[in-house]
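Here is the structure we will look at, set down as structure tokens.
The values are calculated or read from the model by the stated rules, or taken from the named source; none is laboratory data. Predicted model only: the values in this text are computed from it and were never measured. Here the Cβ is made from the backbone with ideal geometry for all residues, glycine too, and neighbour counts use every protein chain on show. Accessible surface areas use protein heavy atoms only, side chains included; no ligands, DNA or RNA. Shrake-Rupley method; radii C 1.70, N 1.55, O 1.52, S 1.80 Å.
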Amino acid sequence: MSRVACLLALVVLVSPAADALDNGLALKPTMGWLHWERFMCNIDCDRDPNNCISERLYMQMADVMAKEGWKEAGYEYVCIDDCWPSYQRDAQGRLQADPKRFPGGIKKLADYVHSKGLKLGIYADVGKKTCAGYPGSLGYYETDAQTFADWDVDLLKFDGCNMDWTLLGEGYVNMSKALNKTGRSILYSCEWPLYEWPFQKPNYTAIREACNHWRNFNDVYDSWSSVKSILEWTASHQDVIVPSAGPGGWNDPDMLVIGNFGLSHAQQESQMALWAIMAAPLLVSNDLRDICPRSKELLQNKHIIAISQDPLGKQGYRTVKVDTFEVWERPLSKKRLAIAVLNMMEIGGPRGFFLRAVPGWKICDPQCNLTQVLPQYKELGVQTPHTNVVVSVNPSGTALLTVTPISGDFTGLSELYWEDTSVKRNHIIL
């Protein structure tokens, strides 16, 4: 193929993200803490005052985030999930916090979180009731949006339970409009495609125009099988979902469960690495008051977070599946590349993987600088396309690397490679 024909073919493959929700938010993937996976709907504050869904829990998490490096690392949202409200609206039809568990109300909690230099997120539902049976927002979209704005809330997680699926789109769009109408900047986290996929392929152009990020698949559990299922769903649907992601709107594979009970350290590294490759929101669900040092160090790793927050804003994708390895690649700013090599074996010891098998390795022509981020940070120096670089990857672990091309005659092709968001281009299964 001539160079001109090659360039034309690449240009045809370019699929820029659709127009994003124009509220100036989520220009990079959201980072914060969300209560659900770890604390669920624990409302028994008499029996379990330290872990129940109450203002005390969020104030303590805000304290830790401000004092122990989380805010400096980029985690800025303290997010309430389901089970915070009273079972009844007030006399004016407004949602109200449970008075026993939130005696100061949400406005006072927002003020406290803001005093720590952080932001507050809250939860509601597009349907008649939330997933846990509390009042939903159906018929109250403008009322609830204004209530959240009056409380100085900064993020809304909007669930999709108890709603006719044919009305999901209308409901999510109407709440988006209601939030914008308040005049307050409220990041809008949707679950629209999650509830529509069982019936039809969602319209991601419409979703991106309404939401800042959106859940696609099942809730994450504190288990490696759950994390694997999310990765597999994402890879098998990447041709549909990856083109929609970019500054202002992101695919959300659900919470990070790092620092809990179900993942080995290698598996925690895999979740962190792959969430960064997927340009996913980094919403941690654990007990920040009692987290092991290795998990804390992983979650605050500045090199991984730099990949997550890369300003180019391109979501990565799975490009190779071979010999129970998976390769995921993400184009980065300054024509760099992030590579995650995931060892899917769950038996035996570390195994080697030749980086020449990575499609993006071509950016090392004529030379590149290679850096290993996980499992340990190492500067691996200057490489060429013919260098036999082998990375060692633990069972269910991931080697995370960045590649920086050294200038040469390949520049023009490199620029097109980085603009190309097609996910069908290099997906190799052997």
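Numbers for the structure displayed
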item: Qualifying trypsin sites (Lys or Arg not before Pro) in segment 285-375, DSSP loop, other Cβ atoms within 10 Å at most 14; result: 289
item: Relative contact order computed over segment 300-418 (Cα-Cα under 8 Å; 6+ residues apart), in percent; result: 27 percent
item: Nearest 10 degrees, 0 to 90: helix 141-150 Cα axis against the chain principal axis; result: 90 degrees
item: Kirkwood hydrodynamic radius (C-alpha pairs) into Stokes-Einstein, segment 288-404, 10 °C and 1.306 mPa s, D in µm²/s; result: 107 µm²/s
item: Mean accessible surface per residue for the chain, computed with a 1.4 Å probe while every protein chain stays in place, in Å²; result: 40 Å²
item: Inter-label distance, nm, simple model (7 Å from Cα along the C-beta direction), residue 345/residue 294; result: 2.0 nm
item: Rounded percent of accessible protein surface that carbon and sulfur make up, segment 216-265, 1.4 Å probe; result: 54 percent
item: Relative contact order for segment 15-149, counting Cα pairs under 8 Å that sit 6 or more residues apart, in percent; result: 22 percent
item: Segment 184-241 shape via C-alpha gyration tensor axes, a/c threshold 1.5; result: oblate
item: Max mean-square fluctuation residue, GNM over the chain, Cα-Cα springs under 10 Å, options 66, 340, 91; result: 91
item: Relative contact order computed over the chain (Cα-Cα under 8 Å; 6+ residues apart), in percent; result: 16 percent
item: Only Lys, Arg (+1) and Asp, Glu (-1) charged, at Cβ; the chain dipole about Cα centre in debye; result: 740 debye
item: 21 Å Cα-Cα reach of residue 335 towards lysines, excluding residues that sit fewer than 8 places from it in its own chain; result: 28, 302, 314, 362, 378, 424
item: Calculated [θ] (222 nm, deg cm²/dmol) that DSSP helices of n ≥ 4 give over the chain, each run adding -39,500 (n - 2.57); result: -8500 deg cm²/dmol
item: 5 angstrom amide H check on residue 31, placed H, neighbours 5+ away; result: 76, 77, 282
item: Farthest positive-ward along the chain dipole, Cα basis, beta-carbon charges - from 190, 109, 368; result: 368
item: Partners for residue 71 among aspartates and glutamates (Cα-Cα distance below 13 Å; same-chain residues under 8 apart left out); result: 63
item: Reach of residue 157 by Cα under 13 Å, taken over aspartates and glutamates that are not fewer than 8 positions away in the same chain; result: 81, 82, 125, 144, 191, 252, 254
item: Chymotrypsin sites (Phe, Trp or Tyr not before Pro) within segment 84-170: DSSP coil, no more than 11 neighbouring Cβ in 10 Å; result: 87
item: Heavy-atom accessible surface of segment 267-340: percent carbon and sulfur, 1.4 Å; result: 50 percent
